Amino acid sequence: MHNEFKDGSKVFVYGPGQNDGKYYHNESAIILERDPYFKDYHVRFKNGTEDWILPKDLRKPYARKKGNKRK
C-alpha cells in the first residue's frame with residue numbers, strides 16, 4: 001500500500017485533530033506513523049503535543065492547494 005506521507009517527513013496541518021477536536025491552521029508537524037485501519041496519521045507538533053490527523057488535512061511544504069488550477 002502506498003503512503004502519501006512517509007514516517008519522519010515534515011508536513012503542515014490545516015484541519016481538526018482527532019484527540020480534542022482542536023483546529024490547526026498552518027502548523028508544522030512531523031509524521032510519526034500511519035494507522036492502516038483508519039488511514040489517518042499520528043503527528044507530533046513543535047510544542048511536543050501529538051494528535052491524529054486525516055490525510056486531507058495534511059500538506060507537504062511548498063505544495064500548492066488542491067482544487068482550482070490556474071489557466
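Treating only the Cβ of Lys, Arg, Asp and Glu as charged (+1, +1, -1, -1), what charge dipole size does the chain show about its Cα centre? Round to the nearest 20 debye.
Using only the charged Cβ atoms, the result is roughly 780 debye.
Would you tell me the accessible area of Glu27, worked out with a 1.4 angstrom probe on the heavy atoms of the protein chains, in Å² to the nearest 10?
We get 80 Å² for Glu27.
What is the extension gain from His25 to Trp52, computed as 0.36 nm multiplied by their sequence separation minus the C-alpha to C-alpha distance, in nm to one decimal?
Values: separation 27, 0.36 × 27 = 9.72 nm, distance 1.47 nm.
That pair, His25 and Trp52, stretches by 8.3 nm at full extension.
Using a 1.4 Å probe over the heavy atoms of the protein chains, calculate the carbon and sulfur portion of the accessible area of segment 5-48 as a whole percent. List each step's numbers first, then the result.
On the way: 1410 of 2870 Å².
Here it works out to 49 percent.
How large is the direction-averaged shadow of the alpha-carbon convex hull of the chain, in nm²?
Values: hull surface 22.0 nm².
Directional mean of the projected Cα hull area for the chain stands at 5.5 nm².
Running a GNM on the chain with Cα contacts under 10 Å, which residue among Tyr37, Tyr24, Tyr14 ends up with the highest mean-square fluctuation?
Of the options given, Tyr37 has the highest mean-square fluctuation.
The values are calculated or read from the model by the stated rules, or taken from the named source; none is laboratory data. Note that the structure is predicted; figures quoted are calculated from it, not measured. Quick reminder, even Gly has a Cβ in these numbers, built from the backbone with ideal geometry, and neighbours come from all protein chains shown. These accessible areas exclude ligands, DNA and RNA; they are computed on the full protein's heavy atoms, side chains included. Shrake-Rupley method; radii C 1.70, N 1.55, O 1.52, S 1.80 Å.
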